[in-house]
Structures are given as C-alpha cells and as structure tokens.
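The structure appears below as structure tokens.
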Ligand code: ADP
Ligand code: GLC
C-alpha cells in the first residue's frame, strides 16, 4: 500500500509546531508495518536540512496559476534518511522560502503546492493507494482530484484528511478560484462555506474519511468548530479520532543528545535534579524550589494570554516558593509583559524564540509542565514531558483530556477545568502540595515515564482506516 502524506511541515526538515512532529514520525512508524510504503510530500524551504542532505530532481515542469506560468520541480531526498521517501516541491517565487508560514500570499502558496504536487503525480503516472492530507493547506486535494479534468488520472484515489487544528481553515474569497486549476464549475458548493472558499470544510466534504488527532477533540468539534459545527455533524459518519503518538526514538531521555544528563526511569530522580540544577543556574532560578514550565506558541488557543497574570499571582500567593520558566514567542504584548516580570521576579525566567534544544532540556528539568490551553486538538508537550518524568498540569480539554488523568482518580497528572488565572494558580497550588508530600513526586515521575505513547498503536489505526 503506497501512502503519500501531504503536509507543509515535517520534522526535522521544517517545524513550526506539532504538525511537523506528527508528519516526521507517523510515516516512519507506518513503514514498520508489513506492506506499507508511506512517503511525505512537502514544500521546499531554505532550511539547513536541504543543504545537509543530497537531493535528486525527479520532476521538472510547469503549471498555470491564473495568468502566471510557474515552474514546478520535485526533489527527492536520495537516501530516505528519515525512514521514508521525502519529496519536496519547489516553485521559484512561492515555494522556496525560509519558513512555512507568515507570508501575505499564502493562499497562492498553498494552492500552488497542491496543484504542483498533483500535476507531478499525473505527469509521472503516480497513482497512490492513499493521499493523506494534513490540515487546510492540503485540504483542497480531495476536491481537486475528483473535479479538475487536469488530474483525471488520480480520480478515485482514496483520500484521508487529518484535522490537526480546526482553528485555522484557510478561507479565501471566491476570486481565488481564478488561480485554481480549472474545475467543474457546478461543483463549487463542495469548496464553499458561507460564501468563501474554505479548504478545511472542503476537506471534510470531499475526503473519503477525516480524522482528528484525538477523540476528545472530535467530540468538541460538534459544538465548537469556528462555524463548521453543522458540517462535522452532517459528516460524522466518516469521522474518526486517532490520538497522536510520540517519536520515542527522538524523544528518549536515555539517549537524547540535547540533554546534559541522560536518564532512565531507574535513575530519573537524581538525573533530573542535575538537569534542573544546571538549567536553574543558567537562568538564575532557585533549584531547591519546584520548577513549573510552559513551552509553546503565545496564542490564545494555548492560553498564553493568561501567563503574565499566572506568573505574578502564583509567585505572590506562594510567597515565592516556586520557579516558573517560559519558552515561546508569537505575541508582542505577551512577550513584553513577560519581559517586565522577568526583570521583576527572581523566580521567573523567560526565553523568547523557538529553541528545540532548550525545549528538550526543559522537559527533562522541570517538575511540572503547564498547559492552560483553551483548545488543544492533541498536544504533544504533555506527552514529551511525561516521557521525561515531568508532571503535566493541564486544562481538561481535547487531547489533554485523553492523555492526562488527574491524581485524584489514579492518574499521574493534574487537571483543571476553566482556562482562567485563578483555576490555573489553584492547580499549581495542588501541584505544590504534591511536591511537598514525601515520596509522591518520585512515584509520579516513574508513573509518567512508564506511560506508553509510542506511535505503533495509532499507526495501526490509520492503516486499518486506509484498508476500510
Ligand atoms: P502546536 O502544534 O499546537 O503548537 P503541540 O503540542 O502539538 O502544539 O506541539 C508543539 C511542538 O512544538 C512541541 O514539539 C513543542 O516542544 C514545540 N515547541 C513549541 N514552542 C517551542 C519553542 N518556543 N521552542 C522549541 N520548541 C517549541
Ligand atoms: C496542532 C494542534 C496540536 C496537535 C498538533 C499535532 O498543532 O494544535 O494540539 O498536537 O497539531 O497533531
């Protein structure tokens, strides 16, 4: 069975968030299953990976985007270094940039990516068994292969759409239809939602099945999905929630080269302490106090706007009996407010930016990981922290609900219900209680490290879905 995963991100080539982690791991684990050949197609970026690896040109052609003729090249990484075939679509001017997102013309970029990759497949007579589309960036593929005469040779190929984040739907005005490959005009309704082209809605309508990255999140979409609630209710018969796994080869505290002190569950307590001491020393924190950490994008869906108040309130209420460390970026107001507190409080440390190495060190050093997410389709941070013996303190939502059970019901994490400052600080107070109870932290470190979040089970579920 040949499966092509279509995505704008893939770790370690280009990562903005969890989408990259999933697309960099799932195909690798699927390839361990007999008879499966999973590959990844993504845009070309000017990232170190593309210069550190050898690529071969497997296709060179042209597409028309409205009045513009665009060159499309497909480059394949020669040695399958990631454990799967990696194909990168290069379109000079659109898909040869430094980063996946943040450009004014993203609708043109993603349309060209989808059209370019389908054009390559048709021209080279590639007919996969499954096209697996990830998020709205590739959400029009199921529509295009059925309704664009140009891609007739792909008609009937089975498509799966995975929703990693329903907050982003890629809406664009109908003017953009002029920049799409020509399609049967009377089928326009399959792309429309409320008078706009909505790629995510189209993916739900046109794919043979669609998935969310946890069951908890799928349930939530029925009542809160940025306007697509009725659509998901209507199409629920082909909806499946499949929880993400984590790449236990990359995220292995025993071998992780990014850690100062590696550990197994046997020596975790002592080694985590050493990691924590080193990190605290570097950031001027107090190693004898519990360390709470937050890692992530400063977005409202992550509850990042609550962080500044959480910092001062928790430090004040505990009379300075805890440390907090935050790694992230993405919102100037939040960044500035946190910078101010970084200056004010010796118990608080801030590192702005995207730092893969530091994130690993924090997962290994912290006692607690905070995730006050308003929306969390799956969440990988809590799973990484658990694998590194750090107790997750999470809002009870989406994938967090499915992966973190509260200590009060026999779990090894802490839940809170409302994404507000008081509830978060209350949960932190509960965590302090745990920290100060003799033997309890040790038990939780071991319990968390022993959870099984490996990809194998979920990879099998996707294959079963493909087969069905
Ligand atoms: P999302 O994809 O919504 O941002 P996830 O929990 O699925 O959330 O995945 C986030 C991923 O990005 C994790 O691998 C996390 O460690 C990483 N990450 C987020 N922010 C940063 C940062 N500032 N520096 C390093 N890694 C980060
Ligand atoms: C999205 C979601 C996150 C999820 C990730 C990978 O970025 O916000 O919750 O873990 O995709 O599926």
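Note on the chain: antiparallel DSSP beta bridges, both residues inside, total approximately 30 percent of the bridges counted. Structural descriptor for the stretch 268-449: relative contact order 22 percent, calculated from alpha carbon pairs under 8 angstrom and at least 6 residues apart. Compared with the dominant principal axis of the Cα atoms in the chain, helix 456-467 is inclined by about 20°. If you average the C-alpha positions of the stretch 182-256 and of the stretch 115-150 separately, how far apart do those two centres end up, in angstrom? Rounded to whole Å, the Cα centres lie 17 Å apart. From helices alone, the chain scores -10500 deg cm²/dmol at 222 nm; the rule is -39500 (n - 2.57) for each run of n ≥ 4 DSSP H residues, then divide by the residue total. Under the criterion of Cα pairs below 8 Å and six or more residues apart, the relative contact order for the stretch 195-257 equals 37 percent. Kirkwood analysis of the stretch 268-449, using all unique Cα-Cα pairs, places the hydrodynamic radius at 15.9 Å. Relative to one another, the C-alpha centroids of the stretch 1-62 and the stretch 395-426 are positioned 34 Å apart. Evaluate the stretch 231-279: find the radius of gyration of its Cα atoms, find its Kirkwood radius, and give the ratio Rg to Rh. Taking Rh as the inverse mean 1/r over Cα pairs, Rg/Rh reads 1.38.
Angle of helix 106-123 to the longest C-alpha principal axis of the chain, folded into 0 to 90 degrees and rounded to 10: 50°. With the convex hull drawn over the C-alpha atoms of the stretch 94-185, the volume per residue is 110 Å³. Name the shape class, rounded, prolate or oblate, that the alpha-carbon gyration tensor gives for the chain, where a ≥ b ≥ c are the square roots of its eigenvalues, rounded holds for a/c under 1.5, and otherwise prolate holds if a/b is larger than b/c and oblate otherwise. Prolate, since a/c reaches 1.5 and a/b exceeds b/c. Roughly what angle does helix 440-449 make with the longest principal axis of the chain, taking Cα atoms, 0 to 90 degrees, to the nearest 10? Computed tilt is about 20 degrees.
Every read-out reported here was derived from the displayed coordinates using simple, explicitly stated rules and does not represent laboratory data. Small disclaimer: the values here were computed from a predicted structure and weren't measured.
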